[in-house]
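The values are calculated or read from the model by the stated rules, or taken from the named source; none is laboratory data. None of the values given here were measured: they were computed from a predicted structure. In this analysis, Cβ positions are derived from the backbone assuming ideal geometry, glycine residues included, and neighbour counts consider all displayed protein chains. Quick note on the areas: whole protein, heavy atoms, side chains included, nothing else; ligands and nucleic acids left out. Shrake-Rupley method; radii C 1.70, N 1.55, O 1.52, S 1.80 Å.
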Amino acid sequence: GIAGGVREVEPGTLARTIHERAKRNGENRASDGVVLHLIHPALLHFSVAFITVGGACEIAGLLSRRENLERFGSRLLLIGLASLVPTMVSGYLAANTVDVTAEGRALLDAHERNGWIVLGLLFGAQFWKAWCGGRLGSNRQKLYVALVGAVVLLMLYGAWLGGQMVYGQGVGVR
């Protein structure tokens, strides 16, 4: 409806509208979803790699008291965190330009929720570590290791959900 002269729009409508108009006009351009659909798969591998390898290295470095390994893992996690934002944005854009079945929609919703959880937990963990000056102490370190371990496992679960969507349900392929 119209509220104060501004039309209310559901999330994702703009990308869907651009895609539908381009299809109706027979246009083939970047905004018709073809390119948007391909950006997410190109970016997501960076996030998955940086976060899983970075988390594993930082945890191994903390547990083995190898400062260089911990520092290396920490830097990879920060790069992974930075890469996660454009990966998630491209995922939302891609999701609004492809046809999704009911089964695929359930997987897509779980995949999106998981992405937000990973982003929140990883941001929180990195903020907490920075707030403590990079030195957590033994009790806090145990909690931090568990938190980063959870982030790594959730990132792998999100990647599995994405694979199930694409390879199991054909989302973005058919």
Item to check | Cα shape, the stretch 46-174, gyration tensor, a/c 1.5 rule | outcome: prolate
Next on the checklist: I need the peptides 59-66, 78-85, 142-149 ranked by packing, meaning the mean over residues of other C-beta atoms within 10 angstrom, with the highest value on top.
Outcome noted: 78-85, 142-149, 59-66
Checklist entry - Across the stretch 92-97, in residue order, what do the Karplus-derived ³J(HN,Hα) couplings come to in whole Hz, using 6.51 cos²θ - 1.76 cosθ + 1.60 with θ = phi - 60° and x for Gly and Pro? => result 5, 5, 5, 4, 8, 10
Checklist entry - If you roll a 1.4 Å probe over the stretch 31-174 with all protein chains in place, what percent of the accessible area is carbon or sulfur? => result 68 percent
Checklist entry - How large is ³J(HN,Hα), in whole Hz, for each residue of the stretch 66-74 in order, when computed from phi with the Karplus curve 6.51 cos²θ - 1.76 cosθ + 1.60 and θ = phi - 60°, using x for Gly and Pro? => result 9, 4, 5, 5, 4, 5, 4, x, 4
Checklist outcome for this item: In debye to the nearest 20, the charge dipole size for the stretch 60-174, taken about the Cα centre with +1 at each Lys and Arg Cβ and -1 at each Asp and Glu Cβ, equals 620 debye
